[in-house]
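Colleague: The structure that follows is given in the form of structure tokens.
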Amino acid sequence: MLDDFFVINPVAHAYNMAPDNLQPNRWAKTLYDFLLALHVGWNPAGVQTLSAEEQAHDWPIEVLAKSLFLESDVDLAASHTLRLDSYFKDGQVRHGKTLEAVTKYPDRMLAYVGLDPTKGLKTCLRELDEQLADLPNAVGLKLYPAQIDPLRSWRMDDTSLAFPLFERAQEAGIKTIAVHKAVPLGAVPMNPFRIDDVTGAADAFPDLVFEIIHAGMAFTTETAWAIGCYSNIYANLEATTGLLNRAPRLFEQTLAELMMYGGAEKIIYSDGSLVLHSQPILERFRDLEFSDETIETFGVPLTKEDKAMILGGNYARIIGLDIEEAKSRIADDEFARTRAQTGRQEAYSNWRAYLANAESLQEASLA
């Protein structure tokens, strides 16, 4: 916990950044290089980041879990199966990793299945059923609005493609549909990353929640109106919280605008660990106070109660999680016991330990 805040980080990634996982096209390399640079450029001073060579591995779920629960005050997290299939051969986070996360750490990790709607409805429905057979308790579905090679996209309000998919997901018990918006995936057209198609889906499926991932990185006012008008649209701050490291005043203004229209109860904390480390962002969010200028401009303060909702309360409500029960389940688990012995561990220390061990094993095998 972060002081007395229960923290849920519902977008966490153990990317496969091994060079041989990259698809052989120019767009994929652009995104790959962007992610390598993001790790260095958007983590704060004082965090010992990893070089491009050190990042160029298939990041293990165990390292993700240790980074979240031993190195930061995150209590629960969700692993997203990513279907960036046109960029990465395994989509960047393959289904097997999400399955591993919830199998190894059932009281700490939640699951999002992932689909690529550009492959067509028939394929999506089949793959959804296959993934849910392994992950019947998955809480969410992760989607991307566009793919590459060739450039192609789809819309959330497509009644012939998206709506049957959402209907099947809802029938299967999925609580929330998370769609990547606002941040283009490299040097690609921006239009698919606008948020104007989300409202049509939310209107047609009032009992499903729709998360705008990367909310506020672009189209902030449109996103603020969407979460204000629709009870089932939420702003997920993955990567947006990284502005606390890079441009804190911009984050303050972005958060205030989202709160002005939608209220704190419509905003979800996330940080996209492992690329950005959770702990510095959490501490900066905990300590954030709106300036007098921000309060005067947007008409809202940022209270402790607001922070509690954003850090975990809102997401717990979405998925039907009892926070007190969740606390009791993790109070004496392997991570809690280790933290009691070591205290909070240094940022990325477990990633470095993994790399050192892998190098030692490789040297031993060559000896």
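The values are calculated or read from the model by the stated rules, or taken from the named source; none is laboratory data. None of the values given here were measured: they were computed from a predicted structure. All Cβ positions, even for glycine, are placed from backbone atoms using ideal geometry, and neighbour counts span all protein chains on display.
Colleague: So, in the stretch 18-31, of the ones that are in contact (Cβ under 8 Å) with a residue 60 or more places away in the chain and either touching a strand residue (DSSP E or B) at 6+ places or on another chain (Cβ under 7 Å) or among the β-branched types (Val, Ile, Thr) (or both), which residue ends up surrounded by the fewest Cβ atoms within 10 Å (Cβ to Cβ)?
Modeller: Here the answer is 30.
Colleague: Taking helices (runs of 4 or more DSSP H) that fall entirely within the stretch 43-153, which contain at least 3 residues that are modelled with pLDDT of 95 or more and more than 30 Å from residue 342 (Cα to Cα)?
Modeller: Result: 121-134.
Colleague: Okay, moving on. Have a look at 216, 186 and point out the one that is assigned to a loop (DSSP other than H, G, I, E, B), within 25 Å of residue 87 (Cα to Cα) and at pLDDT below 95.
Modeller: 186
Colleague: Restricting attention to the stretch 203-218, and to residues there that are surrounded by fewer than 22 Cβ atoms within 10 Å (Cβ to Cβ) and in contact with a strand residue (DSSP E or B) (Cβ under 9 Å, 6 or more places away or on another chain), which single residue is nearest to residue 11 (Cα to Cα)?
Modeller: Out of the qualifying residues, it is 208.
Residues are listed down the side, and each one gets a yes or a no for (1) crowded, with 23+ Cβ neighbours inside 10 Å; (2) farther than 17 Å from residue 169 by Cβ; (3) without any contact (Cβ under 8 Å) to a residue 12 or more places away in the chain:
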{"residue": "78", "(1), (2), (3)": "yes, no, no"}
{"residue": "81", "(1), (2), (3)": "yes, no, no"}
{"residue": "102", "(1), (2), (3)": "no, yes, no"}
{"residue": "105", "(1), (2), (3)": "yes, yes, no"}
{"residue": "109", "(1), (2), (3)": "no, yes, no"}
{"residue": "112", "(1), (2), (3)": "yes, no, no"}
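Colleague: Scan the stretch 133-140 and give yes if some residue there is free of Cβ contacts under 8 Å to residues at least 60 places away in the same chain and within 25 Å of residue 185 (Cβ to Cβ), otherwise no. So that I can check it myself, show each step before the final result.
Modeller: Filtering the stretch 133-140 for residues free of Cβ contacts under 8 Å to residues at least 60 places away in the same chain gives 133-138.
Filter again for within 25 Å of residue 185 (Cβ to Cβ), leaving 135, 138.
Yes: one or more hits.
Colleague: Right, here's the next one. Take the residues in the stretch 168-183 that are charged (D, E, K, R) and outside any helix (DSSP H, G or I); name whichever of them is nearest to residue 134 (Cα to Cα).
Modeller: Filtering first and then ranking leaves 175.
Results for (1) touching a residue at least 60 places away in the same chain (Cβ under 8 Å); (2) touching a Pro at 6+ places or on another chain (Cβ under 9 Å), shown as yes or no for each residue.
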| site | (1), (2) |
| --- | --- |
| 156 | no, yes |
| 159 | no, no |
| 169 | no, no |
| 177 | no, no |
| 187 | yes, no |
| 192 | no, yes |
| 217 | no, no |
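Colleague: Can we say residue 315 is part of a helix (DSSP H, G or I), among the hydroxyl-bearing types (Ser, Thr, Tyr) and within 24 Å of residue 68 (Cα to Cα)?
Modeller: Answer is yes for this residue.
Colleague: Looking at this structure, is residue 224 under 18 Å from the mean Cα position of the chain (by Cα), more than 16 Å from residue 44 (Cα to Cα) and not in a loop (DSSP other than H, G, I, E, B)?
Modeller: no
Colleague: Kindly provide the set of residues from the stretch 244-262 that are touching a Lys or Arg at 6+ places or on another chain (Cβ under 9 Å) and either under 20 Å from residue 295 (Cα atoms) or surrounded by 24 or more Cβ atoms within 10 Å (Cβ to Cβ) (or both), ordered by number.
Modeller: 244, 248, 251, 258, 259
Colleague: With 169, 235 as the choices, which residue is under 24 Å from residue 251 (Cα atoms) and crowded, with 16+ Cβ neighbours inside 10 Å?
Modeller: None of the other options fit; the residue is 235.
Colleague: Something else now. Has the stretch 55-63 got at least one residue that is closer than 25 Å to residue 236 by Cα, out of contact with any His (no Cβ under 6 Å at 6 or more places or on another chain) and surrounded by fewer than 16 Cβ atoms within 10 Å (Cβ to Cβ)? Talk me through it step by step, then tell me what you get.
Modeller: Start the filter on the stretch 55-63 by keeping residues that are closer than 25 Å to residue 236 by Cα, which leaves 59-63.
If we keep only those that are out of contact with any His (no Cβ under 6 Å at 6 or more places or on another chain) as well, we get 59-63.
Cutting the leftovers down to surrounded by fewer than 16 Cβ atoms within 10 Å (Cβ to Cβ) gives us 62.
Scanning the stretch 55-63, I find at least one residue that is closer than 25 Å to residue 236 by Cα, out of contact with any His (no Cβ under 6 Å at 6 or more places or on another chain) and surrounded by fewer than 16 Cβ atoms within 10 Å (Cβ to Cβ), so the answer is yes.
Colleague: When residue 355 is evaluated against the numbered criteria (1) surrounded by 15 or more Cβ atoms within 10 Å (Cβ to Cβ); (2) modelled with pLDDT of 95 or more; (3) not hydroxyl-bearing (Ser, Thr, Tyr), which criterion, by number, is the only one it fails?
Modeller: Failed condition: (2).
Colleague: Next question, about the same structure. Tell me, yes or no, whether the stretch 148-155 has at least one residue that is over 23 Å from residue 79 (Cβ atoms) and hydroxyl-bearing (Ser, Thr, Tyr).
Modeller: Yes, the stretch 148-155 contains at least one residue that is over 23 Å from residue 79 (Cβ atoms) and hydroxyl-bearing (Ser, Thr, Tyr).
Colleague: Would you check if residue 221 is modelled with pLDDT of 95 or more, among the hydroxyl-bearing types (Ser, Thr, Tyr) and surrounded by fewer than 16 Cβ atoms within 10 Å (Cβ to Cβ)?
Modeller: Against the criterion (modelled with pLDDT of 95 or more, among the hydroxyl-bearing types (Ser, Thr, Tyr) and surrounded by fewer than 16 Cβ atoms within 10 Å (Cβ to Cβ)), residue 221 qualifies.
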